Amino acid sequence: MIPGKYRTNPGRITPSNVNCGLHLVIQTSSVPEKNKFELRLTKDSSFHNRLLQHDIEKNYSSRQGDHVYLGSSSMPSFPVLHRSSEEKILYSDRLTLERQKLTVCPVIDGEEHLRLLNFQHNFITRIQNISNLQSLIFLDLYDNQIEEISGLSTLRSLRVLLLGKNRIKKISNLDNLKSLDVLDLHGNQISKIENVSHLCDLRVLNLARNFLNDVDDLNGLSSLTELNLRHNQITSVRDVDNLPCLQRLFLSYNNISCFEDILCLADSNSLSDITLDGNPIAQESWYKHTILQHMMQLRQLDMKRITEEERRMASIVARKEEEKKRESHKQTLIKEKKRLTICNVARKWDMQQNRVTSGPSSSQDGKDSDVPSQDTCQLNGSGTCVYPEEPGSLDPVISTALQGLAVIENHLVEVDGDTLFLYGSGALESLDRNWSVQTAGLVTTVSFTFIEFDEIVQILPKLKIKFPNSLHLKFKETNLVMLQQFNALAQLRRIDQLTIDPQGNPVVNFTLWKYYVLFRLSHFSMQKINGTEVTQNDMIMAERLFGILAHVASSELPQYRLLSLLGEVRKKQFRYLLEGKGKKSGVVSEENNENKRLGGENTNRATLNYTTRDFYTEKLEEIKEKKKFCKTYIHDLVKEAAEINMKNESLQKLWPQMFIELVRDAVIEIRNKNSYMKLCLQRITDTK
C-alpha cells in the first residue's frame with residue numbers, strides 16, 4: 001500500500017505526507033490488472049484550516065515527472081506523454097508534471113483512468129487536451145499563466161480544482177462541474193464573484209489575493225463551509241447569511257471600515273471562525289466587543305480562541321449598548337413628539353389669528369433662537385410650518401414607532417436648564433401644579449410662545465409666586481400690539497431682561513418701544529432688552545420722552561381713581577403730598593428715591609396701567625348688569641309707590657263714612673255697661 005496524501009498551503013493545495021483530508025490510497029499486486037485505487041475526500045477541519053494559509057510554497061515529496069517522457073505528436077506544438085510500464089504500475093491513477101517548463105498541456109493518451117493530475121509551476125496559458133480524462137477527480141494547475149477557465153466541460157467527476165496563482169480575470173465555464181468540492185482561485189485578477197451559484201456541493205472556495213471590491217452573489221452555495229477572501233479590496237459583504245453551512249470566513253487585509261458593511265454576518269447561525277485583522281475596522285476600540293455581541297456563536301476571531309471571559313464582557317457591553325440605544329430611541333421619540341406638538345400648537349395659533357396658509361401644514365417654530373431648529377418645525381415669512389425632517393430620514397425603528405404616534409396636545413410645557421418654555425394657552429394652567437422647590441428655584445427665564453398676551457397678564461401674579469427667581473421674560477407670537485400692554489409687567493417682582501421677538505409682536509415696529517419699556521419699568525433697573533445692554537443714556541432718554549406724559553396722566557386722574565391704583569404705602573405718601581406737607585423743595589425727589597429703594601413704582605408711573613380686553617369686556621358686562629338691576633329696582637319702587645298712592649286716595653274717599661260707622665259701633669257696644677265689662681273680661685280671659 002502506497003499512501004499519497006495532500007495538504008494545503010497558504011492559498012494553494014499540494015500533495016504531501018501530511019494528513020490534510022484528501023487520501024489517495026493505491027493498492028498494487030504483482031498483476032497490474034488487479035490494481036485497486038481509492039480516492040476519498042474527508043471533512044477534516046484541519047485540512048480547511050491549512051488550505052487557506054498564505055504564500056508558503058511546498059513541492060511534492062516525490063517527483064513523478066522524472067519518470068515521464070514527452071515526445072512529439074502528429075498535432076503541431078503539442079507534445080505527447082509517454083510513461084514507462086513501471087511508472088504506470090506505481091502511479092496508475094495519478095500523474096505529476098510539475099516544473100517541466102510546459103507552455104501547453106501535452107496530449108495524454110491511454111490514461112483515461114487518471115484520478116489526479118498535477119501541472120504545478122509551469123508556463124501553461126490554456127487548459128487543453130484533458131477532455132478525455134473523464135475520471136479525473138483532482139486537477140492542479142497552480143502557478144501557471146492561464147488567463148481563462150476552459151476545457152473542463154467533460155470533467156464531470158472533478159472534485160478538486162486548483163487554479164491559484166494564474167492570470168484569470170473571470171470565473172466562468174464551470175457549469176458542468178457540479179460535483180466540485182474545492183475550488184482554489186487565489187492569486188488571480190478576479191474582480192467579481194459570479195457563475196458559482198450552481199456549485200451546490202462546493203465546500204471550500206479560495207479567492208484570496210484577487211481584485212474583489214464587494215462580496216455578493218453567493219446564493220446557491222448551500223454546502224460551502226469555508227470561504228477565503230484575504231488580501232482583496234473588499235469594502236462590503238452581502239449574502240453570507242444565505243450560506244447555511246459556512247463555518248470559516250477569512251476577510252483579513254481588506255478595506256472594511258464599519259460593522260454596517262458586514263452586518264449580514266450577524267444573521268449567520270453557522271459561522272464559528274472569522275478573521276478581520278488588517279482591516280480599518282480592526283483598529284477601532286469597539287471592534288472586538290461589537291463582533292462578539294452580534295455573533296455570540298463564534299469560537300475564533302482573528303485566529304485566536306474566544307474565552308468565556310471575553311464572551312461575558314461582550315455580553316455586558318451588548319446590554320449596555322442596547323440600553324443606550326433604547327434610551328436614544330426614547331429621546332428621539334420624545335423630541336419628535338415635542339416637534340409635532342409644537343407644530344400642532346402653531347397650526348391652532350394660525351387658525352386663531354385667521355392666517356391664510358398655502359402649505360400642507362400651517363404652523364410656526366415653537367422655540368426661540370436658543371432651541372435647536374431640528375427639534376421643532378421652522379417658520380417662514382408667511383407663517384407656514386416647514387418640517388425639517390422627512391419621514392424617510394429617521395431611523396427605521398423610530399419611523400415605525402412614530403406611525404402610531406398621535407399628537408393631540410395643543411400645548412406644551414418644558415423645563416430646559418434654567419428656562420421654562422410654555423407653548424399654547426393651555427400651558428398656562430401648568431402654573432397651578434405643585435412644582436418642586438428645586439425646579440422652581442432653578443428657573444430664571446420664562447418663554448411664552450403662541451399665547452395671547454392678555455392671557456399671560458392674568459397669570460403674572462402666579463408667576464412671581466411660583467418662580468420667584470425668574471428674571472428674564474421672552475415673548476414670541478404673543479400679539480403684543482401696543483405700548484400700553486407693557487404696563488402689565490409692572491406687577492411682577494423683578495425683571496432684569498426682556499426679549500420681544502418681532503415674530504407675532506407688531507409692537508416692536510414702534511421706534512420708541514424700548515424707551516417706553518425702560519420708563520414704565522424703571523423700578524426694575526432693566527439690564528438688557530432684546531440682548532442689548534441698557535445704558536444710562538437710555539434711561540435718561542426714556543425719562544425725557546415719557547415723563548411728561550405720565551405726569552399729565554396722573555394729574556388728570558380723579559383722586560379716588562388714583563388711590564385705587566396705589567398700594568397702602570403709596571396711599572399714605574399720596575395723602576401726605578395732597579395735604580401740602582410734602583410740597584417743600586426736594587420732597588418729591590426724595591419720594592422717588594425712596595420708591596426706587598423699595599423697588600416700587602412712583603405715583604406717576606402707577607397711573608399707567610393696562611386693562612386686558614377680556615377684563616374690559618367683563619367690566620362692560622358688569623356695568624350692563626348693574627344698569628339692568630337698577631332699572632328694574634327703580635321700576636319696582638315706582639310701581640309700589642303708585643299702588644300706595646292709589647290706596648291712599650281710596651282711603652281718603654272712604655274715611656268719613658268709615659269714621660261714622662266706627663263711632664256708631666263704639667256707642668252701641670258700651671251702651672250696656674255691665675255687658676260691656678263682662679265682654680272685656682271674657683276677651684282678657686280668652687287672651688290668656
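The values are calculated or read from the model by the stated rules, or taken from the named source; none is laboratory data. None of the values given here were measured: they were computed from a predicted structure. Glycine gets a Cβ as well: all are built from the backbone with ideal geometry, and neighbour counts include every protein chain shown. Note: areas computed on protein heavy atoms with side chains; ligands, DNA, RNA excluded. Shrake-Rupley method; radii C 1.70, N 1.55, O 1.52, S 1.80 Å.
Key figures for this structure:
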quantity: FRET efficiency, Phe78 to Lys192 (Cβ-Cβ, R0 25 Å, nearest 0.05); calculated: 0.15
quantity: Packing-based order for 98-110, 171-183, 334-346, 657-669, using average beta carbon neighbours within 10 Å, highest first; calculated: 334-346, 171-183, 98-110, 657-669
quantity: Peptides 238-251, 209-222 ordered by average Cβ neighbours within 10 Å, highest first; calculated: 238-251, 209-222
quantity: Gln283/Asp217 FRET efficiency (R0 25 Å; Cβ-Cβ; nearest 0.05); calculated: 0.30
quantity: Across Lys338/Lys464; Lys304/Lys325; Lys335/Lys462; Lys476/Lys514, pairs whose alpha-carbon gap is larger than 18 Å; calculated: Lys338/Lys464; Lys304/Lys325; Lys335/Lys462
quantity: Estimated inter-spin distance, Glu429 and Ala666, nm [label 7 Å along Cα→Cβ]; calculated: 7.7
quantity: Cα centroid of region 223-257 to Cα centroid of region 416-447, whole Å; calculated: 57
quantity: Residue-normalised accessible area of region 194-325, given per residue in Å² at a 1.4 Å probe; calculated: 45
quantity: FRET efficiency for Ile623 and Val481, using Cβ-Cβ distance with R0 set to 35 Å, rounded to 0.05; calculated: 0.90
quantity: Long-range Cα-Cα pairs in region 210-320 (distance over 25 Å), rounded percent; calculated: 15
quantity: Inter-site label distance for Thr532 and Leu681 at 7 Å from Cα along Cβ, in nm; calculated: 10.9
quantity: Cα gyration tensor of region 453-501 - equivalent ellipsoid semi-axes, whole Å, descending; calculated: 17, 12, 10
quantity: Two-decimal ratio, region 294-341, of alpha-carbon radius of gyration to 2.2 N^0.38 Å; calculated: 1.77
